[in-house]
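Here the structure comes first, spelled out in structure tokens, and everything after it is commentary.
The values are calculated or read from the model by the stated rules, or taken from the named source; none is laboratory data. No experiment lies behind these values; they were computed from the predicted model shown. Don't worry about glycine lacking a Cβ; one is built from the backbone with ideal geometry, like all the others, and counts go over all protein chains shown.
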Amino acid sequence: MASVLRHSAKFTSGISSSLAACARNGTACAFPCHAFRHRNSSTSSKIRVDLDSSTGVAVMTLQGPPVNSMCMDFLTDFAISMEKLELDKNCRGLILTSAVPKVFSAGLDIMEMYGKGPEHATVFWRAVQEMWFKLYSSNMVTIAAVNGSSPAGGCLLALSSDYRIMADNPRYVIGLNEAQVGIVAPFWLKDNMVQTLGHRQTEKSLQLAQLYSAPDALKIGLVDKLVPEEKVLSTATETMAKWFSIPDHSRQITKSMMRKQTIDKFLSNRETDINNFANFVTKDSIQKSLGTYLAKLKKKKA
């Protein structure tokens, strides 16, 4: 991806009901056909992208019911969509939102980590890394229009964006609750959260696997603004205009400077992180923990 951030870097899971649905539907899906119907729109089984060339704003809508879980086909399609938008000179900004009622994204598909060997874990984690890296290092203005609960990987998408708008509904939650499932947030996502919340708040959030209600998320700075649910997308569009008022080159260079340290650290330790994840998630104790968690979710749903 030809962007200021990537160039400079070279040298300068979820609420119980949501994850229960993932467990029921958690088999790995076939890779989708990413067919472009016309220049400004693309669709797949998991993601729809609409680009308004007149405004320069693309809307990426997550549409993988029941909970927009991040299986391999989702991750692959996300990366393809980001790559195409990054290379499109007509696109200056990206809004992320969901077409699934009450859920932004429930995060990583646990079934991609349960009962799989090291080879699959390696491929899966590289795809997870790529999703974060493409969004975090994007040259575009990125705004998360969080119109539902956003645990774990859903929170990753929000944290990686430049600005976060969330529906003002106390039943919707957001946070990195990986520890509750028996896994650990990677160092690069931890660093991303520290930049947003500060070290002490992040330490508590990660160790306690905390999910914050929308009002509490606003209080600690995990989201930037709360609006009525029906106004989340329109507010994101209005907010984009404010970001567009700044010249692209100066905003992009500033973003690059602010995120360079995290990006450089990630690039230097990427392969080690993949190996560590593959070794960790395939341990008998971790597999047992994931299996126990899935069983509890299924029992609770039943």
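Among the listed residues Phe133, Phe124, which satisfies the condition of being surrounded by fewer than 24 Cβ atoms within 10 Å (Cβ to Cβ), out of contact with any strand residue (DSSP E or B) (no Cβ under 8 Å at 6 or more places or on another chain) and among the aromatic types (Phe, Trp, Tyr)?
Phe133
Return the residues of region 45-99 that are under 27 Å from Phe244 (Cα atoms), in a loop (DSSP other than H, G, I, E, B) and over 17 Å from the mean Cα position of the chain (by Cα); say none if nothing qualifies.
Those that are under 27 Å from Phe244 (Cα atoms), in a loop (DSSP other than H, G, I, E, B) and over 17 Å from the mean Cα position of the chain (by Cα): Ser53, Ser54, Thr55, Gly56, Asp88, Lys89, Asn90, Cys91, Arg92.
Could you grab me the full set of residues in region 233-265 that are among the basic types (Lys, Arg) and surrounded by fewer than 18 Cβ atoms within 10 Å (Cβ to Cβ)?
Listed by number, the residues that qualify are Lys242, Lys260, Lys265.
Could you please let me know if Ala58 is modelled with pLDDT of 95 or more and either buried (at least 22 other Cβ atoms within 10 Å of the Cβ) or not aromatic (Phe, Trp, Tyr) (or both)?
Numbers: modelled with pLDDT of 95 or more: yes; either buried (at least 22 other Cβ atoms within 10 Å of the Cβ) or not aromatic (Phe, Trp, Tyr) (or both): yes.
It is true that Ala58 is modelled with pLDDT of 95 or more and either buried (at least 22 other Cβ atoms within 10 Å of the Cβ) or not aromatic (Phe, Trp, Tyr) (or both).
Checking Ile263 against (1) within 25 Å of Gly93 (Cβ to Cβ); (2) more than 22 Å from the chain's Cα centre (by Cα); (3) part of a helix (DSSP H, G or I), only one condition comes out false. Which one?
Condition not satisfied by Ile263: (2).
Working only within region 200-213, note down all residues that are out of contact with any Lys or Arg (no Cβ under 8 Å at 6 or more places or on another chain), surrounded by 16 or more Cβ atoms within 10 Å (Cβ to Cβ) and assigned to a helix (DSSP H, G or I).
Answer for region 200-213, where residues must be out of contact with any Lys or Arg (no Cβ under 8 Å at 6 or more places or on another chain), surrounded by 16 or more Cβ atoms within 10 Å (Cβ to Cβ) and assigned to a helix (DSSP H, G or I): Gln201, Ser205.
Mind counting the residues in region 222-232 that are surrounded by fewer than 19 Cβ atoms within 10 Å (Cβ to Cβ) and assigned to a helix (DSSP H, G or I)?
Number satisfying all stated conditions: 3.
Of all the residues that make up region 100-126, how many are of a type outside the set (Ser, Thr, Tyr), closer than 15 Å to Gly154 by Cα and in contact with a Ser or Thr (Cβ under 9 Å, 6 or more places away or on another chain)?
Taking region 100-126 first, the residues of a type outside the set (Ser, Thr, Tyr) are 100-104, 106-113, 115-121, 123-126.
Filter again for closer than 15 Å to Gly154 by Cα, leaving 100-104, 106-110.
Keeping just the survivors that are in contact with a Ser or Thr (Cβ under 9 Å, 6 or more places away or on another chain) gives 102-104, 106-110.
Result for region 100-126: 8.
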